[in-house]
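Structure, as structure tokens:
What follows is calculated from the coordinates using simple rules that are stated; it is not laboratory data. Given the structure is predicted, the values throughout are model-derived calculations rather than measurements. Cβ atoms come from the backbone with ideal geometry, glycine included; neighbour counts cover every protein chain shown.
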Amino acid sequence: MSSQSQNQNQRNPSWNYGILPNPKDTNKIICKYCNKETNWGVNRSKKHLVGGYKDVKKCPKCPEFVRDEMRAYMTRRQETRNKMDTIPHFDEMIEEENEFEEATMTRGKKPMSSHSSSFASNPASTASYST
């Protein structure tokens, strides 16, 4: 088992209650309690163990302590995601800064028109700077 999959096992407890028939395909997981094969990955496997979801059949043989563990894990994950949604993302902050810079640039000096005299075309102004 690779170190990456070991890290997944440590973070997500549902990997402890499912078997991967093919380690390269993490979408198919077989329940250790009822041998039901769930597709669509570990999220569907968690729902199978916890029960109460319309899109997944509840495992009839799953012990209550496993259901409680999965329910608690799913609640913690959702709370973490909610917190992450309230934190401003770096990309959004950059976008806001760029919009602010564009707005201030448009309010700056206007470009010179062709009718106004420029510094180089005024002979009096160039004469005073020559040595």
Exercise. Binning every alpha carbon pair distance of the stretch 3-89 at 5 Å from zero, what are the percents per bin?
Worked result: 3, 14, 24, 24, 17, 11, 5, 2, 0
Exercise. So how far apart, in nm, are the two label points at Lys61 and Lys24 if each is 7 Å from Cα heading toward Cβ?
Worked result: 3.0
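What's the exposure ranking of Lys47, Lys58, going from fewest to most Cβ atoms within 10 Å? Walk me through the numbers on the way to the answer.
On the way: Lys47 22, Lys58 14.
The order, fewest Cβ neighbours first, is Lys58, Lys47.
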For this session: Would you mind counting up the charge near Lys61? Only other residues with Cβ under 13 Å from its Cβ, with Lys and Arg at +1 and Asp and Glu at -1.
Result: +4
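If you add up the charges near Met70, with Lys and Arg at +1 and Asp and Glu at -1, over every other residue whose beta carbon is less than 10 angstrom from its beta carbon, what do you get?
Details: positive: Lys46, Lys47, Arg67, Arg71; negative: Asp68, Glu69.
That sum, taken over residues with Cβ under 10 Å, equals +2.
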For this session: Can you check what the net charge comes to around Thr26, using other residues whose Cβ is under 14 Å from the Cβ of Thr26 (Lys, Arg +1; Asp, Glu -1)?
Result: +3
For this session: Rank these for me by crowding, Trp15, Trp40, going from fewest to most other beta carbons within 10 Å.
Result: Trp40, Trp15
